[in-house]
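The values are calculated or read from the model by the stated rules, or taken from the named source; none is laboratory data. On a predicted model such as this, the values are computed, not experimentally measured, just so you know. Methodologically, a virtual Cβ is constructed for each residue, glycine included, from the backbone with ideal geometry; neighbour enumeration extends over all protein chains shown.
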Amino acid sequence: MAKIVNREEMAQGTIILNEIEAPRISRKAKPGQFVILQADETGERIPLTMADTNPDKGTITIIYMVVGKSTARFKELKVGDDYFALIGPLGKPTHIENFGKVVCVGGGTGIAVLHPITRALKEAGNEVTTILGSRTHDLLIMEEKMKAASTVLHVCTDDGSYGHHGFVTNVLKDVLEQQDIDLVVAIGPIPMMKFCSLITKEKNVKTFVSLNPIMVDGTGMCGCCRVSVGNETKFACVDGPEFDGHKVDFDELAKRLASYLDEEKVSLDGYEKCKLQ
């Protein structure tokens, strides 16, 4: 059992934060790793990357978007309720060192995944420029936490309701034109990560992406998270979730993800037409 000690409804109630009692996991977890949660005995096992850990309190924080039956069941759980099962930490942690100048790009709930990585990179001595994106201001999460974890923060909204009117790729291009960047970390929707990687490849800037959106079982048993990286087959859950963005076959990945989601949510066509303008 894993008790919920804090709960917040974010982004009009569509995105939920749970702080959960997990003392052993909180002591061992590293940025970039994930856990598997199960609401009840008959529920689906869901892999979610940790948005924060607090070893002193013995808690971890996860943030998820309500998109289907299982996450809707998660949303029903209140403070004091227990998750039936919690397993972790899983996956390979982010490699953290002082690279120099780093850009962290986050979109949607990918911002939650990016948070501990951004903080760790700054604590390692990096100068961290962070670019956050959401469709509209109401869907933007963790702005203040990301500001505290960054040296410079840029915020973008697709509709112009807050911050830069446009896409994270536009701001990323500007930053790369103005500065010599040593590393880019991009986490968010598959199309966003693809086009961030295309932009950085032109500048020969090392880029990491997190492929947690494709994970299902989270242990490598189901094989659903197969992805081609540098012409080799990898499993996002056990070989990642982070990979070299310049080597990921994003078109194949989008087709696989479309088997589980509405195809419009992972289509690369519209992104290619409008987000590189």
statement: Of the listed residues (209, 152, 184, 171), the one being more than 17 Å from residue 119 (Cα to Cα) and in contact (Cβ under 8 Å) with a residue 12 or more places away in the chain is 171
- request: Working only within region 198-227, note down all residues that are under 23 Å from residue 183 (Cβ atoms) and more than 13 Å from the chain's Cα centre (by Cα).
  value: 198, 199, 200, 201, 202, 203, 204, 205, 206, 207, 227
query: Residues that are among the aromatic types (Phe, Trp, Tyr), at pLDDT 75 or above and more than 30 Å from residue 44 (Cα to Cα): which helices (runs of 4 or more DSSP H) entirely in region 160-277 hold 1 or more of them?
result: 190-203
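Conditions tested, residue by residue: (1) free of Cβ contacts under 8 Å to residues at least 40 places away in the same chain; (2) under 24 Å from residue 155 (Cβ atoms); (3) in contact with a Pro (Cβ under 8 Å, 6 or more places away or on another chain).
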site	(1), (2), (3)
25	no, no, yes
42	yes, no, no
54	yes, no, no
61	no, yes, no
73	yes, no, no
77	no, no, no
92	no, no, yes
98	yes, no, no
114	no, yes, no
message: Restricting to region 207-243, name every residue that is touching a helix residue (DSSP H, G or I) at 6+ places or on another chain (Cβ under 8 Å) and among the charged types (D, E, K, R).
response: 217, 226
message: Report every pair of residues separated by at least 6 positions or lying on different chains whose Cβ atoms are under 6 Å apart, first residue within region 238-258 and assigned by TED's automatic domain parsing to the domain that holds residue 216 and within 16 Å of residue 192 (Cβ to Cβ), second in a loop (DSSP other than H, G, I, E, B) and not β-branched (Val, Ile, Thr).
response: 241/91; 241/211; 242/32; 254/268
task: For residue 162, work out the one condition from (1) surrounded by fewer than 20 Cβ atoms within 10 Å (Cβ to Cβ); (2) closer than 14 Å to residue 103 by Cα it doesn't fulfil.
output: (2)
- prompt: Any idea which of (1) in contact with a helix residue (DSSP H, G or I) (Cβ under 8 Å, 6 or more places away or on another chain); (2) of a type in the set (Val, Ile, Thr); (3) crowded, with 20+ Cβ neighbours inside 10 Å is the one residue 151 doesn't satisfy?
  reply: (3)
Residue 93 vs. criteria out of contact with any Leu (no Cβ under 6 Å at 6 or more places or on another chain), closer than 28 Å to residue 21 by Cβ, surrounded by 20 or more Cβ atoms within 10 Å (Cβ to Cβ) and of a type outside the set (Val, Ile, Thr): no
message: I'd like to check which strands (runs of 3 or more DSSP E) are fully inside region 1-99 and have at least 1 residues that are closer than 22 Å to residue 210 by Cα and at pLDDT below 95.
response: 15-21, 34-38, 45-54, 59-65, 85-90
